[in-house]
Amino acid sequence: MVLTGSLIIGDSVRHSLEQSAYYRLGEMTHVVAVSERYFRREMAQDMETANPEIQAAPVLLLEGVAVAGGGQHRVNRVQVVGVDEHFEKIAGSPVFSELRENDIMISRNLADRLEVEEGSDILVRVRKASLIPLNAPFVSAEETSVSLRARIIRVVEKEEMGRFSLKASQTAPFNLFISLDRLNRLMEFTGKANHLLINTSLDNRKVRTLLDDCITPADAGLKIRNLESLNQVEVTSERVFMEPQVSQTLEQLPGAQPVISYFVNGIAAGISEIGADAAKQNREIPYSFVSSLNGYLSDDEIILTRWAADDLGAQPGDIIRLKYLEIGPLRQLIDKEVEFVLKQIVPMTPQWADSSRMPWLPGLSDAGHCREWDAGIPINLDAIRDKDESYWNQWKGAPKAYISLNRALELWENRFGRYTAVRFPADMYNEELFHRQFANGIGPGDLGMAIESIRDAGIEAAKNGTDFSGLFIGLSFFILVAAVILTSLLFRLNIESRSGEVGILSALGFKQKQVREIFIVEGFVIAFLGGIFGLFLSVLYTSGVFRILNTLWLDIVRTNVLLIKINPLTLASGLVISLLVSLGAIYFSICRYQKRKTAELQKQTEDILRKSRQLLPDLLMWICLGFPVVVILFQLLYGDNLNP
């Protein structure tokens with residue numbers, strides 16, 4: 001029973017892991033995932049159109065908190081899944097097209113934890129996602145969330161993708177399904193997703209090739225706008241800074257003019273002439289944008305706009321200092337200062353007072369007043385003057401100073417990218433050439449897209465995990481050895497009780513081999529009947545253990561997908577192994593017993609001489625066993641008196 005039960009447990013655990021993979025993946029075979037970025041939801045439809053062998057569903061996967069019962073029940077780390085009607089192809093269930101606005105579906109384990117059912121209202125808080133990477137310069141580090149009061153329209157069981165997860169874990173996530181459109185609006189996105197679930201018979205290489213063909217500049221977060229007043233076309237990134245590979249690809253286009261615009265803490269004038277007015281030397285403009293020019297300035301020169309030059313009282317040849325913050329690891333702020341020589345003062349014309357050079361920074365670009373800035377860095381609001389507010393109202397974030405592109409790269413290039421924009425003369429920009437250059441220069445890996453054969457990986461992990469059969473056999477090793485010894489002893493006792501019969505058979509002329517065969521046949525019949533009975537007991541016992549694990553010990557094992565798997569081959573193997581072990585024990589017991597002489601078997605006598613020789617070892621054994629007992633009793637009774 002123990003041996004067969006261990007084998008059944010091994011099969012059942014392996015089967016349960018495979019079923020768990022099916023429950024969490026549904027019909028999915030591949031997944032396309034990105035880290036800290038998002039792509040178009042339409043990419044799924046593009047891939048289906050390009051190859052009919054593919055079914056794809058866009059998903060926006062975020063994290064949130066669910067609260068019910070007026071705060072009495074709360075579940076953290078809820079997996080919020082934004083889905084649309086395409087998700088039904090992966091789930092194999094038609095229920096998800098029913099999601100509308102504030103309607104949600106939740107998994108059974110989440111419903112049990114919150115103690116809610118269909119028709120209940122719960123409060124959902126979702127961690128605010130951002131198109132700009134975390135820790136990027138001038139992005140607020142405060143973690144915010146958005147809330148909504150949602151109505152549960154269905155509790156999704158595990159057969160309906162209620163255990164959906166992209167992580168190979170036996171722990172079922174707390175899933176909350178919501179309309180993809182609704183989740184996009186909550187995040188202030190438009191048509192975004194961060195995972196692509198794919199069902200196809202194609203291999204990984206073909207899926208990657210197809211994905212490469214379907215990537216567009218919008219999937220890289222690039223935006224194109226016409227600057228009619230400047231007769232230019234500008235390409236910007238919703239991530240603020242363009243990745244190096246994207247920057248290099250755009251630079252290769254005809255007429256490309258890279259731009260870097262950076263938010264500095266101050267622009268100060270240090271007059272180089274001896275005897276200059278001390279008041280002018282201390283003048284400083286707080287919190288301004290500085291942008292770059294390509295091919296006009298040397299690395300130590302700077303241009304000021306007329307507004308900035310008048311405010312500082314600066315003239316060409318003066319020393320201009322830029323004060324800025326460099327954001328290091330873990331958002332550590334490092335104060336930096338660099339000096340330039342003022343080369344030129346330019347008028348406040350659209351070419352120079354160009355607010356379109358300011359990158360889009362949430363909390364900064366959309367602020368109505370300077371005092372409403374939330375730039376992710378400490379801002380001294382007392383330093384902001386009325387004239388600064390007037391400048392913001394008229395020109396927004398138009399740069400007040402310009403430096404060379406090479407120097408700007410040296411100062412402000414960071415791990416998130418190089419340029420904040422690339423501009424082209426309108427008469428040189430060719431949209432077809434732009435898309436062709438992008439397709440040739442940018443691949444999925446350049447955008448952090450990872451393609452995984454998630455079904456194969458999940459099934460492989462289930463099959464090649466811990467061998468629970470071997471584990472339980474190892475844990476039951478002493479029980480199995482004890483069973484073999486007990487079998488041998490019981491059969492030895494049976495033979496000794498029938499020693500007269502053995503002697504008679506030998507005296508009648510039966511050879512030892514024939515006698516041995518008689519007892520082996522008897523033992524085989526008994527072992528076979530016992531083995532059959534043990535099979536039923538092992539199945540019954542294993543079923544009971546799994547039932548306990550799925551119910552009473554659910555909080556310990558953290559999964560209820562433990563299914564018993566009865567494999568006829570496993571039962572046959574357990575029975576055969578049990579019979580072989582039992583017959584082996586019987587065979588050696590008979591062989592050992594048959595070494596006695598026929599006369600000794602009939603009289604049931606023992607060798608007295610051997611008993612006398614055994615007396616001395618027995619005596620030594622009892623002395624060795626008794627001496628420690630005496631010492632222990634003595635220590636217990638008189639131990640306190642022995643302490644000094």
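The values are calculated or read from the model by the stated rules, or taken from the named source; none is laboratory data. None of these values were measured; they are calculated from a predicted model. Heads up, the Cβs are rebuilt from the backbone with ideal geometry, glycines too, and the neighbour counts pull from every protein chain shown. Protein only, heavy atoms only, side chains kept; ligands, DNA and RNA dropped before computing areas. Shrake-Rupley method; radii C 1.70, N 1.55, O 1.52, S 1.80 Å.
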* Test each condition in (1) acidic (Asp, Glu); (2) under 23 Å from Glu228 (Cβ atoms); (3) not in a loop (DSSP other than H, G, I, E, B) for Asp382 and report the one that comes out false. => (2)
* Top-ranked residue in the stretch 295-333 [being free of Cβ contacts under 8 Å to residues at least 24 places away in the same chain and touching a strand residue (DSSP E or B) at 6+ places or on another chain (Cβ under 6 Å); ranked as nearest to Ile379 (Cα to Cα)] -> Glu326
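State the number of residues belonging to the stretch 326-340 that are of a type outside the set (D, E, K, R) and part of a strand (DSSP E or B). Don't jump to the end; show me each part of the working.
Quick first cut of the stretch 326-340, residues of a type outside the set (D, E, K, R) only: 327-330, 332-334, 338, 340.
Next, from what is left, pick out any that are part of a strand (DSSP E or B): 327, 333-334, 338, 340.
The total comes to 5.
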* Asked: Scanning for something over 20 Å from His195 (Cα atoms) and assigned to a strand (DSSP E or B), does the stretch 48-57 turn up at least one residue?
  -> no
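Based on this model, can you work out whether Ala66 counts as in contact (Cβ under 8 Å) with a residue 12 or more places away in the chain, closer than 19 Å to Glu159 by Cα and not in a helix (DSSP H, G or I)?
Details: in contact (Cβ under 8 Å) with a residue 12 or more places away in the chain: yes; closer than 19 Å to Glu159 by Cα: no; not in a helix (DSSP H, G or I): yes.
Here the answer is no, as Ala66 does not meet what is asked.
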* **Every residue from the stretch 508-549 that is farther than 21 Å from Asn567 by Cα, open to solvent by 60 Å² or more (accessible area, probe 1.4 Å) and not acidic (Asp, Glu)** => Leu508, Phe510, Lys511, Gln512, Lys513, Gln514, Ile518, Val521, Phe524, Val525, Ile526, Ile548
* To do: Give the residues of the stretch 216-229 that are open to solvent by less than 40 Å² (accessible area, probe 1.4 Å) and farther than 14 Å from Arg41 by Cα, sorted by residue number.
  => Leu222, Leu227
* **Every pair of residues 6+ apart whose Cβ atoms lie under 9 Å, when the first sits in the stretch 189-209 and is closer than 11 Å to Ala56 by Cα and among the acidic types (Asp, Glu) while the second is assigned to a loop (DSSP other than H, G, I, E, B) and open to solvent by 20 Å² or more (accessible area, probe 1.4 Å)** => none
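So which residues in the stretch 89-118 are within 22 Å of the chain's Cα centre (by Cα) and within 20 Å of Glu63 (Cα to Cα), if there are any at all?
First, pick out the residues of the stretch 89-118 that are within 22 Å of the chain's Cα centre (by Cα): 90-91, 106-110.
Within the stretch 89-118, Ile106, Ser107, Arg108, Asn109, Leu110 qualify.
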* Provide a single number: the residues in the stretch 152-209 that are surrounded by fewer than 20 Cβ atoms within 10 Å (Cβ to Cβ), among the acidic types (Asp, Glu) and either touching a strand residue (DSSP E or B) at 6+ places or on another chain (Cβ under 6 Å) or within 20 Å of Phe96 (Cβ to Cβ) (or both). => 3
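Among the listed residues Tyr391, Tyr429, identify the single one that is out of contact with any Asp or Glu (no Cβ under 8 Å at 6 or more places or on another chain), crowded, with 20+ Cβ neighbours inside 10 Å, closer than 26 Å to Glu339 by Cβ and at pLDDT 90 or above. Lay out the reasoning, then the answer.
Details: Tyr429 fails: closer than 26 Å to Glu339 by Cβ.
Answer to the selection: Tyr391.
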* Asked: Mind checking which residues of the stretch 119-136 are assigned to a loop (DSSP other than H, G, I, E, B) and either under 26 Å from the mean Cα position of the chain (by Cα) or among the basic types (Lys, Arg) (or both)?
  -> Lys128, Ala129, Ser130, Leu131, Ile132, Pro133, Leu134, Asn135, Ala136
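Here are Phe138, Phe164: which of them is within 17 Å of His195 (Cα to Cα) and of a type in the set (Phe, Trp, Tyr)?
On the way: Phe138 fails: within 17 Å of His195 (Cα to Cα).
On inspection, the qualifying residue turns out to be Phe164.
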* To do: Just need a number here: residues in the stretch 92-118 that are surrounded by fewer than 19 Cβ atoms within 10 Å (Cβ to Cβ), in contact (Cβ under 8 Å) with a residue 60 or more places away in the chain and in a helix (DSSP H, G or I).
  => 2
* To do: Among the candidates Ile224, Ile260, single out the residue that is within 30 Å of Leu325 (Cα to Cα), among the β-branched types (Val, Ile, Thr) and in contact with a Ser or Thr (Cβ under 6 Å, 6 or more places away or on another chain).
  => Ile260
* **Number of the exception - Lys89 against (1) outside any helix (DSSP H, G or I); (2) in contact with a strand residue (DSSP E or B) (Cβ under 7 Å, 6 or more places away or on another chain); (3) modelled with pLDDT under 95** => (1)
